[in-house]
Amino acid sequence: MTDAATGSSRGLTSYGDAGFSKFLRGVFLASAGWDAQDLERPIIGIANTESDFNPCHRLSPAIIENIKRGVLEAGGVPFVFPTISLGETLLNPTSMYLRNLMAIETEEMIKAQPMDAVVLVGGCDKTVPAQAMAAISADIPALLEVVGPMVTSTWRGNRLGACTDCRRMWASHRAGDLDQDEIAEVGNALATTGGTCMVMGTASTMASLMETIGLMLPGGATPPSPTGDRLRHATKTGRAAVALALEGRGPSTFLSRDSFMNAVTVLAAIGGSTNAIVHLLAIASRAQIELTLDDMEQTFKKTPLLLDLKPSGVGYMEDFDRAGGVPQLLLRLKPLLKLDAMGPLGLTLGEQLETVTLKEHDTTIRALDNPLLPAPTLAVVRGSLAPEGAVIKVSAASPDLLRHKGPARVFDSAQEASLVLSDPEIAFSPDDVLVLRNSGPVAAGMPEAGSMAIPKSLAIKGVKDILRVSDARMSGTSYGTVVLHCSPESVVGGPIGLVQDGDIIELDIDNRSLNLLVSEEELAVRSSQLDVTPMDDIRMSIWRRIFTKHVTQAHLGVDIDMGQP
Ligand code: FES
């Protein structure tokens, strides 16, 4: 190990007498059964996010046992410690509001406790980016081990999985095609094992991207949570963490702009979650690596969709795993990748891929010359409605709405949208453009409210999609023609706050433009009447006040602006 002070001697507690601090530490560790011989070994911290409020992580105890086994086999000692856990569906107002808090807390606990390396066990949407941000900022040897995806189930012979099918089946119920009993039955068939959502939602996307940049060992993103493959990967991670601790190789020793550009290529090729755009910006910023929406757009333009997974295709994560997972995808993408990017174990990506054999028979991962869809799968659009950019998942959109001009129907909150859109008496046209504002980072923590429901009056007529525009996010499991992350957001003066009912909005994907077709003079008048008083109220929680005052806009990663480049 490179650090002069290692193991339990690292970062002594300040009592003013280093000898006494070390003695006292030994006293208390002895009470937990550790002897002097144990404490000569590298200490591997294991960040545990098990929580009854996070059902996606419910199989993490077995995973952690295997990491511990790997650590012990390799000559280290494992110390498990708890951190904040973020269970996507059980948090108010939204997990995004808490991602940075988890990153800050995890980083501080890594730094404060005497560990030579850390393994971070996460999985559910925001846990992985939070842990990556923490590991990069702490910059000690670190590996992520995700809990892995759930396994699919069936209902009446149809294969189902969380949560693209949750949305699809709920839409059927809303349109009157499934009655109350049927939707209740479906509810018991959508998530039947522990693990994360098993489509290419945010959890699966972030796992795939973290494997790509090397914060996770190869093959780690896809094994389902209940499988032996998952447990064996955990054991391997435990062993590797000891090797990394002995070499002192932290994330800053191998992460580069090339690593992140490879992640952007993978994001496009898997039809990944739009949330990952925000997370990658924040993670790169923690690594002090320049990455912008324009960099991403350049990659999106030339990267086709290779992976046949919901919501862009038909498969599930277990299919991706059987097809060879991320290593097999990277092999297919080789001509588009920066092969000199380094991995955590000292090999370049090119060297890692030399050990991967092409599985030609499997169609879940397509060849580069036979993609599921041509580029782009994701796109960055700009214009008078989003001067700093907005994003759209092209692969999950309706082709006929990607070039569309229509009148705005504006909602000032997700609650208002929900009420109006659920009322079958309120008429809408399929040409309307639904606009949701006051849902950006500062206003609301940027909830996944952007994929508003199809107006009920249209849903019952069989309309399945409508153009939607917002400063919110949407779940990676969602689908539809949905423009998200309009930046700047409405409450800091973004033009989305100036839209009025009936204004014409134009999306033109070929030109990557999103415009509000209202004269500049009229917009200037509306802007002068807009109230953008900074939100601060002593009755808000301390975190809420810090978040509101310091959170960056979507095009910068929605991190806390306190000194990152
Ligand atoms: Fe946890 Fe989807 S709710 S990963």
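Just a few scattered comments:
- Positions within segment 89-118 being out of contact with any Leu (no Cβ under 9 Å at 6 or more places or on another chain), without any contact (Cβ under 8 Å) to a residue 60 or more places away in the chain and within 15 Å of the ligand (Cβ to nearest atom), in sequence order: THR89, LEU90, ASN92
- Of all residues in segment 162-181, those satisfying the criterion of being part of a helix (DSSP H, G or I) and not aliphatic (A, V, I, L, M) are THR164, ASP165, CYS166, ARG167, ARG168, TRP170, SER172, HIS173, ARG174, GLN180, ASP181.
- Given (1) more than 22 Å from ALA268 (Cβ to Cβ); (2) among the aliphatic types (A, V, I, L, M); (3) modelled with pLDDT under 95, index of the condition LEU419 fails: (3)
- Complete set of residues in segment 43-82 that are part of a loop (DSSP other than H, G, I, E, B) and either within 16 Å of the ligand (Cβ to nearest atom) or open to solvent by less than 10 Å² (accessible area, probe 1.4 Å) (or both): THR49, GLU50, SER51, ASP52, PHE53, ASN54, ARG58, LEU59, GLY76
- Counting the residues of segment 416-465 that are part of a helix (DSSP H, G or I), among the hydroxyl-bearing types (Ser, Thr, Tyr) and open to solvent by 40 Å² or more (accessible area, probe 1.4 Å) gives 1.
- Complete set of residues in segment 345-369 that are more than 23 Å from LYS302 (Cβ to Cβ) and open to solvent by 60 Å² or more (accessible area, probe 1.4 Å): LEU345, LEU347, GLU351, GLU354, THR355, THR357, LYS359, GLU360, HIS361
- Across segment 476-509, the qualifying residues are those that are hydrophobic (A, V, I, L, M, F, W, C) and assigned to a helix (DSSP H, G or I), and the one among them that is surrounded by the most Cβ atoms within 10 Å (Cβ to Cβ) is ILE496.
- Residues of segment 4-42 that are acidic (Asp, Glu) and open to solvent by 70 Å² or more (accessible area, probe 1.4 Å): ASP17, ASP35, GLU40.
- Residue within segment 166-185 that is open to solvent by less than 10 Å² (accessible area, probe 1.4 Å) and more than 15 Å from the ligand (Cβ to nearest atom) present: no
- Taking segment 370-413 as the range and being over 22 Å from MET296 (Cα atoms), out of contact with any Gly (no Cβ under 8 Å at 6 or more places or on another chain) and open to solvent by 30 Å² or more (accessible area, probe 1.4 Å) as the test, the residues that pass are ASN370, ASP400, LYS405, ARG409, ASP412, SER413.
The values are calculated or read from the model by the stated rules, or taken from the named source; none is laboratory data. Because the structure is a prediction, the values reported are computed rather than measured. In this analysis, Cβ positions are derived from the backbone assuming ideal geometry, glycine residues included, and neighbour counts consider all displayed protein chains. Keep in mind that these areas ignore ligands, DNA and RNA; they rest on the heavy atoms of the full protein, side chains included. Shrake-Rupley method; radii C 1.70, N 1.55, O 1.52, S 1.80 Å.
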